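Take a look at the structure set out below.
The values are calculated or read from the model by the stated rules, or taken from the named source; none is laboratory data. Being a predicted model, the structure only gives us computed values, none of them experimental. Note: ideal-geometry Cβ built from the backbone for every residue, glycine included; neighbour counts use all protein chains shown. In case anyone asks, the SASA skips ligands and DNA or RNA and just uses the protein heavy atoms, side chains included. Shrake-Rupley method; radii C 1.70, N 1.55, O 1.52, S 1.80 Å.
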Amino acid sequence: MMTKNKSFCTLLVLLVMPVLAFSAPKNDSHMEWWRDARFGMFIHWGLYSVQGGEWKGKDYGKEQGGASAEWLMNSANIPKEEYRNTLAPKFNPTKFDAAKWVSTAKQAGMKYMVITSKHHDGFCLFETKGTDYNIMEASPFKRDIIKELSEECAKQGIKFGVYYSQFKDWYHRSRGRGNPGTMSTEEYLDLVEKNLDELLSNYGEMAVLWFDTGGNDVIEADAQGARVRELQPNAVICSRLYSRRVPAEQRKYADFESLPDRMLPKKRMTEDSETCMTMRHNWGYDRTDDAWKNPKDIIEFLALCGARGVNLLLNVGPTPEGTLLPEEIERLKEVGEWMKVNSESIYGTHYSPVDYDFWWGAMTQKDKTIYLHVLEWKPEGIEFNGIVGKPSKAYFLADPKRKALPVTYEANGQVTKVEVPANAPDSRNTVIAVEYDAPVVIDPDAKGKYHWYTNRRTRHTDIRQSENAGRHALPEAVTGD
């Protein structure tokens, strides 16, 4: 039971709220920007970055049978005092430049940013009165990372949000197995309330609250969700406020479904959903993790997320010095170059009009236009079924003149074919815009199957060309198969 007066009052309001309020139409206008954005940057950064996935000569990163680099405290079973006393004095990222981080995200075509304000190790990257285990008091850096990034995002026009580990905290809250935290459960819940008040009150607009690994206590989670709604009514709240074991209909404050890490759903999602993806194995910084996805991997995954109605939150794991890795910058730059000419096929689009994809790739849709994301080139032509009627025009989205491509349509089977040259204009993902004069009509009897990423291990059912794409297979520990 929560004994603090404010917490008790919050819960009391929730419990006595009229039943009619639960049956009223849901106002989700605060979700409009998020649905349009489609693409954001995830940042895992904290004390764990100092070690780069290693502890006393042993590698705990890469999720090879265990957790990733940012789980170091738990994976190496480091006592909380030793973890703090060893790492906090070393966390001094003097090369950190909020403007560079935000401009890198913006140039990549990302519309929002989410950073770990407090991960499971309990260390806060912001100034807080709730604990001295924070960047202002426990580290030599003494600069509020969240403040600097939030101000820079506002300046550059990027939506800003924070990841906050509300349930799992290996420092303040008990880890079990005779490993108590520095606080009782009541004291810890009070800390969470104080942290939320600070994050929601001191940093301007907070667009996203990305909670993680929620527990089964729905009352506890509802109280935290209600506090977000009270202080930042336009903030978008991640479903991980609750445990996945909590039925969806009981997740009152969850605005979108956060899919399991690195997961593309097997078929399109008709409800608001997001997936988070790494550029290599780790989320947090790891010195020896070289399993980098190439730019095509990332661009095609972004397109497939759009085709299945899923936002993509792409992760970076900055160095302990406060810089993004050259490999991250290089990949984000190439994604940004692709987005400059193809962003129309991502922003503001929704899932594919047909509940399947194609050998060559997949579709996104916006109004009367469908976008063919051609990931495997077919010089004999790009063919699709399921859309009734002949298009008024088809063209390469990257073509500034939008020269029309020849199109044929067979009413028997509703098969549309776009004639294309022998070589792909863009081997990573050539986008063909297909326009219709009237609203797009779907053949209810159309049939097809999903070819791309049909599970977390398989990229495509039949790779013939892009031999280097998808070459970094996920280890069995994270495939979930």
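Observations on the structure shown:
- Residues located in the stretch 335-361, provided they are surrounded by fewer than 23 Cβ atoms within 10 Å (Cβ to Cβ), assigned to a helix (DSSP H, G or I), more than 19 Å from the chain's Cα centre (by Cα) and not basic (Lys, Arg): Glu337, Val341, Glu344
- Arg175 vs. criteria open to solvent by 30 Å² or more (accessible area, probe 1.4 Å) and out of contact with any strand residue (DSSP E or B) (no Cβ under 8 Å at 6 or more places or on another chain): no
- Verdict on Ala398 being under 34 Å from the mean Cα position of the chain (by Cα), surrounded by 13 or more Cβ atoms within 10 Å (Cβ to Cβ) and outside any strand (DSSP E or B): yes
Per-residue answers, yes or no, for (1) more than 15 Å from the chain's Cα centre (by Cα); (2) crowded, with 16+ Cβ neighbours inside 10 Å; (3) closer than 21 Å to Lys111 by Cβ; (4) of a type in the set (Gly, Ala, Ser):
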{"position": "Arg245", "(1), (2), (3), (4)": "yes, no, no, no"}
{"position": "Asp255", "(1), (2), (3), (4)": "no, yes, yes, no"}
{"position": "Leu264", "(1), (2), (3), (4)": "no, yes, yes, no"}
{"position": "Gly284", "(1), (2), (3), (4)": "no, yes, no, yes"}
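- Of all residues in the stretch 322-334 being assigned to a helix (DSSP H, G or I) and aliphatic (A, V, I, L, M), the one that is least open to solvent (accessible area, probe 1.4 Å): Leu332
- Residue count for the stretch 414-452, restricted to those that are out of contact with any Asp or Glu (no Cβ under 7 Å at 6 or more places or on another chain), within 21 Å of Asn385 (Cβ to Cβ) and part of a loop (DSSP other than H, G, I, E, B): 13.
- When each of Met269, Met279 is tested for being in contact with a helix residue (DSSP H, G or I) (Cβ under 9 Å, 6 or more places away or on another chain), under 30 Å from Gln365 (Cα atoms), part of a loop (DSSP other than H, G, I, E, B) and of a type in the set (A, V, I, L, M, F, W, C), the lone residue that passes is Met279.
- Residues of the stretch 204-225 satisfying the condition of being outside any helix (DSSP H, G or I) and surrounded by 22 or more Cβ atoms within 10 Å (Cβ to Cβ): Met206, Ala207, Val208, Leu209, Trp210, Phe211, Gly214
- Any chance Asn85 is part of a loop (DSSP other than H, G, I, E, B), open to solvent by 10 Å² or more (accessible area, probe 1.4 Å) and over 17 Å from Gly317 (Cβ atoms): no
- Pairs with Cβ under 7 Å, 6+ apart, first in the stretch 119-130 and modelled with pLDDT of 95 or more, second in a strand (DSSP E or B) and among the basic types (Lys, Arg): Cys124/Lys118
- Apart from one condition, Ala291 fits all of (1) small (Gly, Ala, Ser); (2) surrounded by fewer than 21 Cβ atoms within 10 Å (Cβ to Cβ); (3) within 14 Å of the chain's Cα centre (by Cα); the exception is (3).
- Within the stretch 287-320, the set of residues being modelled with pLDDT under 95 and not in a helix (DSSP H, G or I) comprises Arg287, Thr288, Asp289, Asp290, Ala291, Trp292, Lys293, Asn294.
- Residue identified as more than 21 Å from Gly109 (Cα to Cα) and touching a Ser or Thr at 6+ places or on another chain (Cβ under 7 Å) among Glu435, Glu380, Glu410, Glu419: Glu435
- Any hit, the stretch 152-168, residues being part of a helix (DSSP H, G or I), touching a strand residue (DSSP E or B) at 6+ places or on another chain (Cβ under 8 Å) and of a type outside the set (Ser, Thr, Tyr): yes
- When we screen Gly157, Gly57 for residues that are surrounded by fewer than 16 Cβ atoms within 10 Å (Cβ to Cβ) and free of Cβ contacts under 8 Å to residues at least 24 places away in the same chain, the only hit is Gly57.
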